Structures are given as structure tokens and as C-alpha cells.
Ligand SMILES: [Zn+2]
């Protein structure tokens, strides 16, 4: 499921391939049961250009100074890419935006959990959603205050989009695994040094995933992402085994041998 790094990689693809080009057409695919603007609403973009992009947490925006903005949420399995217009489009394209010069931006979503909205103001949209600071941008003090003081499980605190925006199940597990914190550890019981180290690790992980364009096979071998199965040998300690437990309703893969509840 796309989280911050996947959304950021998608934003960078828009930035690299779809800015400052005049839009020549906007086309909807098969979009039954999906939340997307109508063809008439989208037609308003024809003749205009996207001149900037923005991202907050898992939310991606493309638009221009005077608006409107297209807000794209990738949902469970959505993706964005820019391809040549004469290339055969893949299956499950829900929206394509054609640009002068023969390129198009494709929003592909096999599972249809993604959605797209027209919005006038990005900041107002973020406020309206009640999103916390972006997980890549949040400062040390804000992280300590928002995450480190939580009375509940640290894993649930990381997943709360109101505390910080962009971290989902996969990268929350990875950050806790690499920092050596048990997903059920009570956040407010953890030493401040441990919270600070979790913050640094989380930022490094998100950055590294973005650097690969969210291609997981390029990530280091000792990451949990390559090992998310019960009984797999832990790559971070001797004799540890990966196990899974529901924390805050989400399957949390971890190694009980080196991920501590409180130390
Ligand atoms: Zn281990």
C-alpha cells in the first residue's frame, strides 16, 4: 500500500515529466464506484499547465499558482507515471492527461481504492483533513512531543496521520525493527534518546526508499521489507525470528529477540 515514499516518488515523476506542458486532453477510463471528478470538470484543465506539485504525507497535488489543483490519492495500489502518448497504455488506467509534445500522465489503479479531487487550496485541504506534519519534514521536538508522549503503543502513534502524516504499516514496522523497538512498547515509557533515534531512522528509511524511486528490490538486504514472513531469520540479531502480532488492528512484523518494549 503506497505510503509517503511511494507518493513522493510519484510526485517526482510528475515534476520531472508533466510540468509546464500544455494539457491537450483529459480522459477517464473505467471508473465505476470510484471517486473522481467528472469529464466536464476535468475538461477545465485543457489548455492550462501544471506548474507546480506538492505532497503532504500520502497526499499528492498537481496544479498551478492560481489553482485549481488536482489532488491524487493512490489508495491501496495506485500509481502514477509519465509515458509517451504512442506507447500502449497498461490495463486499469483510470485517468490519463495528455500534454503537448506527445507525453501523457497515467493514473493506474487496479483495485480502485484511489481517488482524485479538484481542490482550490492545498493548505486548506491539509488543515481540513486534520493531518499532522509531514513525516519527512517534522522536526525533532515536534516528533518527540507528538509521538513520544503517546500513552498507547508506539506503532499506533506512528500510524496516526494526525500525529504525523505519511507513515503506514510497512515503513512503521521497518522503522521499529531498525531501531530495536517492540511495536507494542508504550511510547511515553521509551527513553527520549530512543525516540530521537526512531525519528532519525524513520527519516533515513523514507529518504532511502524515495532515492530508489520506491523500487524495493534496491533496498539493503538486512531490511525487514525483504523478510516479512513468520519464522524468517532476523537479519539484525543472532537467533532471532520474525513473528507477527496485531497492534492497533494492523499486522506488525517484528523480531522479539532484539525489539525491546522498554530500555
Ligand atoms: Zn532480531
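Annotation note: of 222, 204, the sole residue that is without any contact (Cβ under 8 Å) to a residue 24 or more places away in the chain and under 21 Å from the mean Cα position of the chain (by Cα) is 204.
Within region 223-251, the set of residues being closer than 23 Å to residue 5 by Cα, within 16 Å of the ligand (Cβ to nearest atom) and loosely packed, with under 13 Cβ neighbours inside 10 Å comprises 229 only. Only one of the numbered conditions (1) within 16 Å of the ligand (Cβ to nearest atom); (2) more than 20 Å from residue 4 (Cα to Cα); (3) surrounded by 16 or more Cβ atoms within 10 Å (Cβ to Cβ) is not met by residue 179, and that is (2).
Any residue in region 28-38 that is touching a helix residue (DSSP H, G or I) at 6+ places or on another chain (Cβ under 6 Å), surrounded by fewer than 20 Cβ atoms within 10 Å (Cβ to Cβ) and at negative phi? Checked against the condition, which is being touching a helix residue (DSSP H, G or I) at 6+ places or on another chain (Cβ under 6 Å), surrounded by fewer than 20 Cβ atoms within 10 Å (Cβ to Cβ) and at negative phi, region 28-38 yields at least one hit. Criterion applied to 143, 99 was being within 25 Å of residue 9 (Cβ to Cβ) and within 20 Å of the chain's Cα centre (by Cα), and the one residue passing it is 143. Within region 226-245, residues that are closer than 10 Å to residue 177 by Cβ sit with their Cβ atoms under 6 Å from residues that are exposed (fewer than 14 other Cβ atoms within 10 Å of the Cβ), at 6+ positions apart or across chains, in these pairs: 235/222. Got at least one residue in region 207-215 being free of Cβ contacts under 8 Å to residues at least 60 places away in the same chain, buried (at least 21 other Cβ atoms within 10 Å of the Cβ) and either closer than 21 Å to residue 2 by Cα or within 15 Å of the ligand (Cβ to nearest atom) (or both)? Checked against the condition, which is being free of Cβ contacts under 8 Å to residues at least 60 places away in the same chain, buried (at least 21 other Cβ atoms within 10 Å of the Cβ) and either closer than 21 Å to residue 2 by Cα or within 15 Å of the ligand (Cβ to nearest atom) (or both), region 207-215 yields no hits at all. Within region 71-78, is there a residue that is assigned to a strand (DSSP E or B), in contact with a helix residue (DSSP H, G or I) (Cβ under 6 Å, 6 or more places away or on another chain) and closer than 16 Å to residue 97 by Cα? For region 71-78, residues assigned to a strand (DSSP E or B), in contact with a helix residue (DSSP H, G or I) (Cβ under 6 Å, 6 or more places away or on another chain) and closer than 16 Å to residue 97 by Cα: absent. Annotation note: Cβ proximity below 9 Å between a residue of region 136-150 that is exposed (fewer than 13 other Cβ atoms within 10 Å of the Cβ) and a residue that is in a loop (DSSP other than H, G, I, E, B) (sequence gap 6+ or interchain) occurs for 139/133.
Considering every residue within region 103-113, establish whether at least one is crowded, with 18+ Cβ neighbours inside 10 Å, modelled with pLDDT of 95 or more and closer than 30 Å to residue 245 by Cα. Yes, region 103-113 has at least one match. For region 39-53, a residue qualifies if it is within 20 Å of the chain's Cα centre (by Cα) and either on the phi > 0 side of the Ramachandran plot or crowded, with 17+ Cβ neighbours inside 10 Å (or both), and exactly one does: 53. Can you work out which of the residues in region 246-263 that are in contact (Cβ under 8 Å) with a residue 40 or more places away in the chain and part of a loop (DSSP other than H, G, I, E, B) is nearest to the chain's Cα centre (by Cα)? Once the filter is applied, the top-ranked residue is 248.
The values are calculated or read from the model by the stated rules, or taken from the named source; none is laboratory data. Since the model is a prediction, treat every value here as computed from it, not as a measurement. Here the Cβ is made from the backbone with ideal geometry for all residues, glycine too, and neighbour counts use every protein chain on show.
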